[in-house]
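Since every read-out is calculated from the coordinates, none of them should be taken as a lab result. The model shown is predicted, which means the values in this text are computed figures rather than measured ones. Neighbour counts run over all protein chains shown; Cβ positions are idealised from the backbone, glycine included.
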Amino acid sequence: MNPPPHKLDFHPLRESLYNELHARPFQVLPCPSQVTHLALITTPEQRNAQFHHWQELHAQLGQPIPHDEESCFEATFGNLRIRRELHMEFTAYTFIHLGAKEGHRPFTDTGLADLPEGWLKRLTGTVIAAFHIDLQQTKTDQAPDTAAIREYFDGERLVGSRPSEGKAQVWSAFKLHEDGFGRFIIINGGLSDSQLGRLTQRLIEVETYRLMALLALPEAKAMTPDLNQMDQNLATITDSLTHDAGVNEQGVLAKLTGMVARIEAFRAHSTFRFSATRAYHQLVLARLAVLREDELSGHLTIREFMNRRLTPAVETCESVSERLDDLSRRLGRASDMMRTRVELAIQSQNQQLLTSMNQRSKVQLMMQHTVESFSVVVISYYLIALMRMAMDVAQEAGFVFNKPLLLGLAIPATLALVYLTVRSIRRRFLRLAEQK
């Protein structure tokens, strides 16, 4: 591609965004033909193995080997056309047998007829969708022979409609048959090859997305008994908090924390699956709306069948998802209430402890005052004793004075001086404590 003459600054993703609109073009299908569709849930390792397996198929059939993996790759090998599509959770393979003869018996041959021996068995991944679609041509607009069509579905009850403004008929039982595959019959009464390709692609998407949407239903059913038990336990705990003043807050908080942990584990395990179910269900409804079905011979249309069978299952998953959120909120509120009660109990205990400490401090202070009084007397006693010794030494040295008089005067003066000194020291320490 030659660079444009202007020098505009294009976004680096602009070209890929344009190409995204054409990533999965509709097929052009001749009629009659036979289609087999597989959707396999894959891990990244399995997807890499699938691509190498895809390269091996090209080598076996003598075709150029693709080197880069694409989101949608289509190749034709004679009468066999294969389309490989990469989705977020699964990889889809559509096998089309283009060599079907007019008037053939449905499902005697399938889209897998021209695959090399053993190639399909080595395909990695877990199959979630597997079904055959038989495309037949008719030139009449008469009512179909439902008894004859039912034979191709092992006598099961049929779902049928006239999509595309009545230019085709679609039949299915939405059941697995003895080969492990589902079955569809499309009877073309006036669609072009491109219109038939679009109709077939929409049916493929409806059936694949329907099964992907239902993956959350077993998880929802498995969670329900545990949610019922936790709901009942929460109601019992809440009732006990209302009527029982002597409840063990620590024990109740431990139970609530355990239930919160279980709820969060459920949510972590199921949130993606429930979100995917909502998305796949919306895709199914969108594809059904595009089919523009008319009723056929009093049978349920595909849209009616899905609304009756698929929608309740999706609503069950929605209900469980909402219940998880509701239980999480209620447990959060109950836990907050219990934490408040525990904190209030701890504060009450702390208040009692502080009161007790205050009383002990008062006792200690009184004892300290008593000790201080004794200490004044003791210190004064020792000071008077020292003074007496000093007077004795002075008299022996020749000084003349009235020793008893001086000692009598020194005793009250010493007591007062010691008392004032001790009191001053105590006030100094109190001022230092108040400053801190």
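Rounding to the nearest 20 debye, state how big the charge dipole of region 216-351 is about its Cα centre with +1 on each Lys and Arg Cβ and -1 on each Asp and Glu Cβ.
Details: 17 positive and 18 negative charges, 61 e Å.
Value, rounded to 20: 300 debye.
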### Task
For Ala129, enumerate residues with amide H under 5 Å from its amide H, sequence gap 5+ or separate chain, H modeled in the peptide plane.
Ala39
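Taking the Cβ of Leu288 as the center, what net charge do the other residues with Cβ under 9 Å away carry, scoring Lys and Arg +1 and Asp and Glu -1?
Values: positive: Arg202, Arg287, Arg303; negative: Glu293.
Summing Lys and Arg as +1 and Asp and Glu as -1 gives +2.
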### Query
Taking springs between alpha-carbon atoms closer than 10 angstrom, which of Lys362, Lys255, Lys403 fluctuates most in the Gaussian network model of the chain?
Lys403
### Query
Lys101: which lysines have alpha carbons under 24 Å from its alpha carbon, excluding same-chain residues fewer than 8 sequence positions away?
Lys139, Lys167
### Message
Students often get this wrong, so try it: which of [x] 145; [y] 351; [z] 130 is volume of the Cα convex hull per residue in Å³ as calculated from the structure shown?
### Response
[y]
#### Entry: Integer Hz, Karplus 6.51/-1.76/1.60 couplings in order for region 176-192, x for Gly and Pro
8, 9, 4, 8, x, 10, x, 9, 9, 10, 10, 9, 8, x, x, 8, 6
### Task
Springs between alpha-carbon atoms under 10 Å, Gaussian network over the chain: tell me which of Arg287, Arg309, Arg162 tops the mean-square fluctuations.
Arg309
## Note on the structure
Taking alpha-carbon centroids only, region 192-269 lies from region 72-131 a number of Å equal to 37
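Magnitude of the Cβ-charge dipole of the chain, K/R +1 and D/E -1, about the Cα centre, nearest 20 debye? Before the final figure, lay out each step's value.
Numbers: 48 positive and 49 negative charges, 517 e Å.
That gives the chain a dipole magnitude of about 2480 debye.
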### Task
Calculate how steeply helix 403-435 sits against the longest principal axis of the alpha-carbon atoms of the chain, using the helix alpha-carbon long axis, and give the answer as 0 to 90 degrees to the nearest 10.
10
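Mind checking the full-extension length gain between Arg267 and Ala286? Use 0.36 nm per residue of separation minus the Cα-Cα distance, one decimal, nm.
Details: separation 19, 0.36 × 19 = 6.84 nm, distance 2.78 nm.
So the chain would gain 4.1 nm between Arg267 and Ala286.
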## Note on the structure
Relative to the chain, whose Cα atoms define the longest principal axis, helix 193-213 and its Cα axis are tilted in degrees, nearest 10, by 30
### Summary
Once Lys and Arg are counted +1 and Asp and Glu -1 for all other residues with Cβ under 15 Å from that of Lys121, the total becomes -2
### Query
With axes computed from alpha carbons, what is the tilt in degrees of helix 249-291 against the longest principal axis of the chain, rounded to the nearest 10 within 0 to 90?
20
#### Entry: Listed residues Glu249, Glu219, Glu15, most fluctuating in the chain (Gaussian network, C-alpha, under 10 Å)
Glu15
### Message
Show me the ranking of peptides 221-228, 420-427 by mean Cβ neighbours inside 10 Å, starting with the highest.
### Response
221-228, 420-427
## Note on the structure
The rounded separation in angstrom of the Cα centers of region 271-340 and region 375-436 is 95
#### Entry: Furthest towards positive pole of dipole, Ala286, Ala413, Phe274, structure part the chain, Cβ charges
Ala413
